[in-house]
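**Student:** Below is a structure I'd like to ask you about.
The values are calculated or read from the model by the stated rules, or taken from the named source; none is laboratory data. Quantities reported herein were computed from a predicted structural model and do not represent experimental measurements. A quick note on method: Cβ atoms are made from the backbone with ideal geometry, for glycine too, and the neighbour counts reach across all protein chains shown.
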Amino acid sequence: MKLFVANHKMNLTLLEIEEYIKRLEDINTNNVKLVICPSYPYLPLFNGNNYQLGSQNVAEEEEGALTGEVSAKQLSFLKVKYVLIGHSERRELLKEDNNQIKKKIKQVLKTGMTPILCIGETKEQRDLGKAQMILKDQIEEIFISLTSLEREKVILAYEPIWAIGTGSSATVEEIEEVTSLIYRYLENVYELKAKILYGGSVNKENISSLEKISSLDGYLVGGATLNPNKLKEMIEIMEEEYL
Ligand code: PGA
């Protein structure tokens with residue numbers, strides 16, 4: 001079953017999220033696993049059974065004096081099942097590094113949740129022909145510190161930074177080229193059948209062509225999920241493809 005992860009980032013007011021939660025009831029998710037990642041304070045408001053909950057982030061430590069942080073254990077008590085880790089906005093704007101990302105993945109795995117590790121290259125890195133190397137390094141630096149059982153639990157999200165929030169997704173060919181390299185690399189080095197999501201300006205206009213990439217395990221979608229109508233339409237397209 002494909003995953004569809006909705007990343008709300010720092011959006012929606014309390015009134016808007018209450019309305020959004022009601023609208024989620026109309027979405028049929030028989031063949032798609034829908035995961036909603038709202039802002040932290042809204043997590044306890046979600047109680048539907050046609051989707052699961054995800055968190056946009058997690059603290060790297062287990063507990064303690066870390067003002068403003070939220071631990072993996074606290075998230076798991078709020079019925080969170082998936083946690084985004086290493087999103088490019090956190091890597092770039094908040095200077096999150098691989099050491100922190102590693103610790104976060106460990107925390108998430110310890111509580112039985114599923115980490116979604118975001119990787120992606122900048123436009124400049126791509127133009128210089130360095131995309132493959134950058135992606136390989138982003139995976140390798142984390143995977144090296146995990147056991148094979150832990151590696152199997154990590155879902156990767158390939159999000160080219162130049163496609164995030166721009167309205168213009170990577171093409172089917174670009175995504176196929178990169179993801180098939182990642183699948184092959186993880187198979188060869190770790191004998192791992194990787195799970196890879198694509199993210200970066202996925203919307204209701206382009207999702208049916210992205211659905212042609214049969215190897216993809218789903219999507220990580222930001223902007224286009226803030227409107228429940230658009231979210232519903234994207235899920236409907238995926239459901240139709242399944243039939
Ligand atoms: P976008 O964001 O769909 O708005 O491009 C995706 C993401 O950042 O996860």
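**Student:** Name the single residue, out of those in segment 131-149 being over 23 Å from Ser215 (Cβ atoms) and surrounded by 13 or more Cβ atoms within 10 Å (Cβ to Cβ), that is farthest from the ligand (Cβ to nearest atom).
**Tutor:** Ser145
**Student:** Applying the selection to segment 79-94, what residues are within 10 Å of the ligand (Cβ to nearest atom) and either touching a Phe, Trp or Tyr at 6+ places or on another chain (Cβ under 8 Å) or assigned to a helix (DSSP H, G or I) (or both)?
**Tutor:** Listed by number, the residues that qualify are Ser88, Glu89.
**Student:** Further question: State whether one or more residues within segment 126-136 are under 24 Å from Val58 (Cβ atoms) and not hydrophobic (A, V, I, L, M, F, W, C).
**Tutor:** No, segment 126-136 has no match at all.
**Student:** Shifting gears a bit: If I ask for residues that are among the basic types (Lys, Arg) and surrounded by fewer than 17 Cβ atoms within 10 Å (Cβ to Cβ), which ones from segment 83-105 would you list?
**Tutor:** Matches in segment 83-105: Lys95 only.
**Student:** Still on this structure, please answer the following. Under the condition of being within 13 Å of the ligand (Cβ to nearest atom) and of a type in the set (A, V, I, L, M, F, W, C), which residue from segment 157-172 is nearest to Asp217 (Cα to Cα)?
**Tutor:** Going through the qualifying residues, I end up with Ala157.
**Student:** Going through Tyr185, Tyr198 one at a time, which residue ends up being within 16 Å of the ligand (Cβ to nearest atom) and either closer than 25 Å to Asn28 by Cβ or outside any loop (DSSP other than H, G, I, E, B) (or both)?
**Tutor:** Just one listed residue meets the conditions, Tyr198.
**Student:** Kindly list, by first and then second residue, each pair from a residue in segment 154-180 that is within 20 Å of Lys2 (Cα to Cα) to a residue that is more than 13 Å from the ligand (Cβ to nearest atom) and small (Gly, Ala, Ser), limited to pairs with Cβ atoms under 7 Å and residues at least 6 apart or on different chains.
**Tutor:** So the pair list comes out as Leu156/Ala194; Val172/Ser209; Val178/Ala131; Thr179/Ser215; Ser180/Ser215.
**Student:** Another one. What are the residues in segment 1-40 that are under 24 Å from Val70 (Cα atoms), outside any strand (DSSP E or B) and under 18 Å from the mean Cα position of the chain (by Cα), if any?
**Tutor:** Residues satisfying the conditions are His8, Lys9, Met10, Asn11, Pro38, Ser39, Tyr40.
**Student:** Let me ask another. Take Ser76 and decide whether it is hydroxyl-bearing (Ser, Thr, Tyr), modelled with pLDDT of 95 or more and within 16 Å of the ligand (Cβ to nearest atom).
**Tutor:** no
**Student:** Quick one: which residue in Ile105, Ile101 is modelled with pLDDT of 95 or more, closer than 26 Å to Lys193 by Cα, in a helix (DSSP H, G or I) and within 16 Å of the ligand (Cβ to nearest atom)?
**Tutor:** Ile101
**Student:** Out of curiosity, is Glu60 modelled with pLDDT of 95 or more, farther than 22 Å from Leu220 by Cβ and either in contact with a Cys (Cβ under 8 Å, 6 or more places away or on another chain) or assigned to a loop (DSSP other than H, G, I, E, B) (or both)?
**Tutor:** no
**Student:** Here is a further query. All but one of (1) surrounded by fewer than 16 Cβ atoms within 10 Å (Cβ to Cβ); (2) assigned to a loop (DSSP other than H, G, I, E, B); (3) away from the ligand (no atom under 15 Å from the Cβ) hold for Glu240, so report the exception by its number.
**Tutor:** (2)
**Student:** Which residue out of Leu192, Leu226 is more than 15 Å from the ligand (Cβ to nearest atom), among the hydrophobic types (A, V, I, L, M, F, W, C), more than 17 Å from Asn50 (Cβ to Cβ) and touching a Lys or Arg at 6+ places or on another chain (Cβ under 9 Å)?
**Tutor:** Leu192
**Student:** Does Glu191 satisfy the condition of being among the acidic types (Asp, Glu) and surrounded by fewer than 20 Cβ atoms within 10 Å (Cβ to Cβ)?
**Tutor:** Spelling it out, Glu191 is indeed among the acidic types (Asp, Glu) and surrounded by fewer than 20 Cβ atoms within 10 Å (Cβ to Cβ).
**Student:** For Ala65, which of the numbered conditions (1) under 16 Å from the mean Cα position of the chain (by Cα); (2) part of a loop (DSSP other than H, G, I, E, B) fails to hold?
**Tutor:** (1)
**Student:** Next up: Can you tell me which condition Ile175 does not meet? The list is (1) more than 16 Å from the ligand (Cβ to nearest atom); (2) β-branched (Val, Ile, Thr); (3) crowded, with 20+ Cβ neighbours inside 10 Å, and all the others hold.
**Tutor:** For Ile175, the failing item is (1).
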